[in-house]
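Structure, as structure tokens:
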Amino acid sequence: MAVLTKEDILARVKEGSLGFSPSLDSFQLQTHAVDLRLGFTFLIPKAWRMTDRGREALALDPLRDHGPEYFDVIELEQGQSFDLLPEEYVLVSTFENIKVPTDLMAILYPRSSVNRKGLSVDLTGIIDSGYEGPLTLPIRNNTRSQVIQLHPGERFCQVVFEELKHDTQPRKSRWHLKDVVEKGAKEKSKEMKLVFNGDIKKLKKDYPAL
């Protein structure tokens, strides 16, 4: 399998076979990868619920109990951030929806800066060919005493695309969250100012990749 370079990715996007919605900005394009941004939807697993018997602990069957009713759903607004508590685990949507053609597959990696913060991103790694939609990121704060702030719009993980020898038949995902190389300090400062203000639409408009 061959890994797509920046030029290959841009050519695919222009022809429409590979898609990102909203469209990519220039900060997201790397030599042979695309950075994805955090979305505004956070899911916190519930530990208990009230029933007619009182407060009961939630015992989940992961193969069956995966619906939004088992999570507290947090929808942040522009300019808001999310404090991830020590040893807390959450699910977060990506800001972008992605469309992968049937002759490509993708591999998802956390950015090294994310790991250095004390965060782990428990990724399955594979994005199936033919997949369309947002991606769900399972994030955990591995520290015992530090609160780590997450900002919708910050670049959080990288996607690497590989060509397949033959086209595949896409399968629908059972459930995802929708249902509920830096160019210098100056550019980073511009980007993060917009991220901290929550003005991701302006970021996308002012820094188009194409």
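Every read-out reported here was derived from the displayed coordinates using simple, explicitly stated rules and does not represent laboratory data. This structure is a prediction, so every number in the text was calculated from the model and none was measured. Methodologically, a virtual Cβ is constructed for each residue, glycine included, from the backbone with ideal geometry; neighbour enumeration extends over all protein chains shown.
Computed quantities for the displayed model
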item: Span per principal axis, largest first, for the Cα atoms of region 6-206 (Å); result: 60, 44, 27
item: Region 1-114 - convex hull of alpha carbons, volume per residue in Å³; result: 179
item: Local net charge near Ile139, Cβ-Cβ under 13 Å (Lys/Arg +1, Asp/Glu -1); result: -2
item: Residue-count net charge about Ala106 - beta-carbon cut-off 9 Å; Lys, Arg +1, Asp, Glu -1; result: -2
item: Restricting region 118-164 to trypsin sites (Lys or Arg not before Pro) in coil, as DSSP defines it, with at most 16 other Cβ within 10 Å; result: Arg144
item: Within the chain, helix-based [θ] at 222 nm, where runs of 4 or more DSSP H residues each add -39,500 (n - 2.57), nearest 500; result: -4500 deg cm²/dmol
item: For the chain, size of Cβ-based charge dipole, Lys and Arg +1, Asp and Glu -1, in debye; result: 420
item: Centroid-to-centroid separation of region 26-58 and region 103-167 [C-alpha atoms, Å]; result: 13
